Amino acid sequence: MPKIEEELDTGLALELPKQYKVLLHNDDYTSMEFVIEVLMHVFHKNLADSEKIMLEIHHAGKGICGIFTHEIAETKVHQVKQLAKTNGFPLLATMEEV
């Protein structure tokens, strides 16, 4: 049998997935306590970090809750909207590409 050598290009160009920041926006109706609760339950922040982010949202108009891949960021936004609706608050969550 003849010996056949074949070169294969096995170099794959892998890229990191795009990242998205999830933002909560200030409004005049959502309570600060509810925002802290959302930060702790949806974004798994501790109480001190939740209070810090909540105050940033309150004073700056919006605050970053975390940076995630598209699918996870989309899920977090949906979870916030569902929790807000269930609890009667108009809390707005959005995502922006980093």
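The values are calculated or read from the model by the stated rules, or taken from the named source; none is laboratory data. Keep in mind that this is a model prediction, so the values were computed, not measured. Glycine gets a Cβ as well: all are built from the backbone with ideal geometry, and neighbour counts include every protein chain shown.
Here are some notes:
- Filter result for ALA48 (more than 15 Å from the chain's Cα centre (by Cα) and either under 21 Å from GLN19 (Cβ atoms) or not basic (Lys, Arg) (or both)): yes
- Selection status of GLU15, closer than 21 Å to VAL98 by Cβ, surrounded by fewer than 15 Cβ atoms within 10 Å (Cβ to Cβ) and among the acidic types (Asp, Glu): yes
- Within the range 56-66, the set of residues being of a type in the set (A, V, I, L, M, F, W, C) and either loosely packed, with under 14 Cβ neighbours inside 10 Å or touching a helix residue (DSSP H, G or I) at 6+ places or on another chain (Cβ under 7 Å) (or both) comprises ILE57, ALA60, CYS65.
- The range 18-30, subset more than 14 Å from the chain's Cα centre (by Cα) and more than 15 Å from LYS85 (Cβ to Cβ), residue surrounded by the most Cβ atoms within 10 Å (Cβ to Cβ): ASN26
- Of all residues in the range 68-87 being touching a helix residue (DSSP H, G or I) at 6+ places or on another chain (Cβ under 7 Å) and under 23 Å from GLN19 (Cβ atoms), the one that is surrounded by the fewest Cβ atoms within 10 Å (Cβ to Cβ): PHE68
- Unique match (being among the hydrophobic types (A, V, I, L, M, F, W, C), modelled with pLDDT of 95 or more and touching a Cys at 6+ places or on another chain (Cβ under 8 Å)) among VAL77, VAL22, VAL35: VAL22
- Hits in the range 63-90 (condition: closer than 14 Å to VAL38 by Cβ and either in contact (Cβ under 8 Å) with a residue 40 or more places away in the chain or in contact with a Ser or Thr (Cβ under 8 Å, 6 or more places away or on another chain) (or both)): GLY63, ILE64, CYS65, GLY66, LYS76, VAL77, VAL80, LEU83, ALA84, ASN87, PHE89, PRO90
- Identity of the residue in the range 38-52, under 17 Å from HIS78 (Cα atoms) and free of Cβ contacts under 8 Å to residues at least 40 places away in the same chain, that ends up surrounded by the fewest Cβ atoms within 10 Å (Cβ to Cβ): HIS44
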